[in-house]
Amino acid sequence: MKAIVTVVGQDKKGIIAKVSSALYECGVNIADISQTIMGSMFTMIMMVEFDGEAITVQGITEKLSEIEKEMGLTIHVQREEIFSSMHRI
């Protein structure tokens, strides 16, 4: 299964490390990644792949919510087909 993970927040050390480590712990592979810093804001979008039987989008979201709270970020996880449908218009 594929999903899109978006991360937005104040730039600070360790964002990529914490998010990628949490995804690894969930058995999620990062297939593609783009990140940038705009002023003091950090933005990142990732296409990830995972076994939908071993972990769900909800499970990934719950794991990343710990980092979201700890680092003051906004993190969204959406199935790739839903993300693509929303941005096709």
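I'd like to check something: does the range 56-72 contain any residue that is outside any strand (DSSP E or B) and in contact (Cβ under 8 Å) with a residue 60 or more places away in the chain?
For the range 56-72, residues outside any strand (DSSP E or B) and in contact (Cβ under 8 Å) with a residue 60 or more places away in the chain: present.
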_Please go through the range 65-79 and give me each residue that is charged (D, E, K, R) and within 14 Å of Val5 (Cβ to Cβ), ordered by number._
Glu68, Arg79
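Taken together, the values in this text are just the output of simple stated rules run on the coordinates, not laboratory data. If you're wondering where the values come from, they're calculated on a predicted model, not measured in any experiment. Neighbour counts run over all protein chains shown; Cβ positions are idealised from the backbone, glycine included.
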